[in-house]
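The values are calculated or read from the model by the stated rules, or taken from the named source; none is laboratory data. Remember, it's a predicted structure, so these values are computed and weren't measured experimentally. Here Cβ is always computed from backbone atoms with ideal geometry, including for glycine, and neighbour counts include all displayed protein chains. Areas reflect the complete protein model, heavy atoms only, side chains present, ligands, DNA and RNA absent. Shrake-Rupley method; radii C 1.70, N 1.55, O 1.52, S 1.80 Å.
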Amino acid sequence: KMKPPSSSLYFSSYFLRKIRISYFLLILLPFLVLIIILYSEKFNCIFSQLDPRISSQQQNSISSNIKKNKKLPFAIGETKEGCNVFNGKWVWDEKRPLYEESECPYIQPQLTCQEHGRPDKNYQHWRWQPHDCSLPSFNATLMLETLRGKRMLFVGDSLNRGQYVSMVCLVHRLLPENAKSMKTIGNFDVFTIKDYNATIEFYWAPFLLESNSDDAVKHRIEERVVRKGSINAHGKYWKGANIIVFNTYLWWMRGPHFNILQGSFDVEVKDIVEVSTEEAYGMAIKSMLRWIKRNMDSNKTRVFFTSMSPSHEKSIEWGGEPNKNCYNETKMIEDPNYWGSDSRKSIMQVIKEEFGKSKVPITFLNITQLSSYRKDAHTTIYKKQWNKLTQEQLSNPFSYADCVHWCLPGLQDTWNELLFTKLFYP
């Protein structure tokens, strides 16, 4: 006859089982924590889709809260909760401009409107005021100290060069003459800040990808072609930047279609395919995001992308006369919903979709809407003309007015105030 187990044996067995379960849980717990951390954003997205009461605005809030848990490089504070700094209005400010045109020798002659005879200065006095908060004042000392031992790089077309020059103008007054220099080397413009062992640079790459318009001097090509999968042709020069600001838009806008080269520019017979401009632009954005993921350390560096800079070629769109443009415009557009046809919404949608799918840490500087109001801020005819004007042109200033680029000081200083805000107060 079998004896029942003694109570001591029973408790010993029970105790051993408990130890095994605890040990199993001890091993399993770190994996559970890791999975929750890695996929928390996806879980939140799934849960929000299950509950129809959670709006898209709340979903965005969930994502931003997740990102806030990780301190971003260079950040020293945060903007007011729920404040969209890109949504606001322009207000008159007697304290502006932030510097004088004559005080900054680095502004290209294509942007020195006062030097080239612009009679008014009102365009210099407007300050951007977000609806729900205020932008922190641009602090040149803080910017310089942050750049100590570092490299800040703007990459893109002439609109990004304008933002680059604005940044140089905003900080250079604090530096002695013998402690700063500007040089152009190939596709690079390099402003060196000697005492800080720092540089602020611009790199000409209007499409980001390799193209037949990459010569910084001779880039006016009528039939533009971009090589697929070629971002490293330029990207190899961007490595090592601590703060990088991309832009690309204007050069893509040559109609509904664009030419893409498959293969090399060096071969005699080139394999060129025509795709929609949106598809070509999406290809460039994908390449940029992949390059950032592979080459930028999000724990040490910050990456920004400036949205499309609007032009004002058709005055009829803001209630003006047909066949006129931004020439002689000294007032801004008052309609808060104004959106000109020169800023293609389908391209904005491409940016939204590609950035939305990517997990790459990149800050979007949405300057399009706020700049759309500023038909008064373009260089128009007040700039250096590279070609001698004909009598026919001189008799009709609308025919050669530049409604793409912006006078400095002016609008692009605001772009850098927004960059400053997102760098230090994301």
Out of HIS219, TYR196, ALA233 - ranked by how far each Cα lies towards the positive end of the dipole of the range 186-241, with unit charges on the beta-carbon of charged residues - the top one is ALA233
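How high is the FRET efficiency between SER341 and PHE364 when r is their beta carbon distance and R₀ equals 22 Å, given to the nearest 0.05?
Values: r = 22 Å, r/R0 = 1.01.
Efficiency computed from Cβ-Cβ geometry: 0.50.
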Rolling a 1.4 Å sphere over the protein heavy atoms, what is the accessible area per residue of the range 318-402, to the nearest Å²?
55
At SER134 and GLU268, where each label point lies 7 Å from the Cα along Cα→Cβ, what is the point-to-point distance in nanometres?
6.9
Estimated FRET transfer efficiency (ASP120, LYS357; beta-carbon r; R0 45 Å; 0.05):
0.50
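Only four residue types carry charge here, +1 at the Cβ of Lys and Arg and -1 at the Cβ of Asp and Glu. Report the dipole size of the range 327-426 about the Cα centre in Debye, rounded to the nearest 20.
Numbers: 12 positive and 11 negative charges, 65 e Å.
With Lys and Arg at +1 and Asp and Glu at -1, about 320 debye.
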Starting from the amide H of GLU115, placed 1.01 Å from N in the peptide plane, find each other amide H under 5 Å away whose residue is 5 or more places distant or on another chain.
none
With every protein chain kept in place and a 1.4 Å probe, the range 135-178 has an accessible area per residue in Å² of 33
Phi-based couplings in Hz for the range 149-160 (Karplus 6.51, -1.76, 1.60; Gly and Pro marked x):
x, 10, 10, 10, 9, 9, 10, x, 9, 5, 5, 6
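Residue separation times 0.36 nm, minus the C-alpha to C-alpha distance between GLN349 and HIS257: what's the value? Numbers along the way, then the final one.
Values: separation 92, 0.36 × 92 = 33.12 nm, distance 1.67 nm.
Difference between extended and current length: 31.5 nm.
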Expressed in nm to one decimal, what extension gain is obtained for the pair VAL275 and SER399 from 0.36 nm per residue of sequence separation less their Cα-Cα distance?
41.5 nm
Which whole-Hz ³J(HN,Hα) couplings does the range 182-191 yield from phi under the Karplus relation 6.51 cos²θ - 1.76 cosθ + 1.60, θ = phi - 60°, glycine and proline marked x?
10, 9, 10, 10, x, 7, 9, 10, 10, 9
Heavy-atom accessible area of the range 276-336 with neighbours in place, 1.4 angstrom probe: carbon+sulfur share in percent works out to 44
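Note the direction-averaged projected area, equal to a quarter of the hull surface, for the Cα convex hull of the range 168-303, in nm².
Working: hull surface 39.1 nm².
Spelled out: convex hull of the Cα atoms, projected over all directions, averaged, 9.8 nm².
State the volume of the convex hull built on the alpha-carbon positions of the range 158-230, expressed per residue in Å³ and rounded to an integer. Please report the intermediate quantities before stating the final value.
On the way: hull volume 7.1 nm³, N = 73.
Per residue, the Cα convex hull of the range 158-230 comes to 97 Å³.
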What list of ³J(HN,Hα) couplings, whole Hz, do you get for the range 375-388 from phi and the Karplus terms 6.51, -1.76, 1.60, once you set θ to phi - 60° and write x for glycine and proline?
5, 7, 9, 7, 6, 6, 9, 8, 6, 5, 9, 6, 10, 5
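Please report the relative contact order for the range 299-426, taking Cα pairs under 8 Å with a sequence separation of at least 6, and give it as a percent rounded to a whole number.
34
Among LYS183/LYS388; LYS194/LYS345; LYS194/LYS300; LYS270/LYS314, which pairs are too far apart, with a Cα-Cα distance over 32 Å?
On the way: LYS183/LYS388 27 Å; LYS194/LYS345 43 Å; LYS194/LYS300 22 Å; LYS270/LYS314 37 Å.
Over 32 Å Cα-Cα: LYS194/LYS345; LYS270/LYS314.
On full extension of the chain, what length is gained from LEU175 through LYS300, given 0.36 nm per residue of separation minus the C-alpha to C-alpha distance? Display every interim value, and only then the final one.
On the way: separation 125, 0.36 × 125 = 45.00 nm, distance 2.59 nm.
Contour length minus Cα-Cα distance gives 42.4 nm.
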Residues whose modelled amide H sits under 5 Å from the amide H of LEU365, counting only those 5 or more places away in sequence or on another chain, are PHE305, THR306, SER307
Long-range amide H partners of ALA198 with built H, under 5 Å
GLY149, ILE193
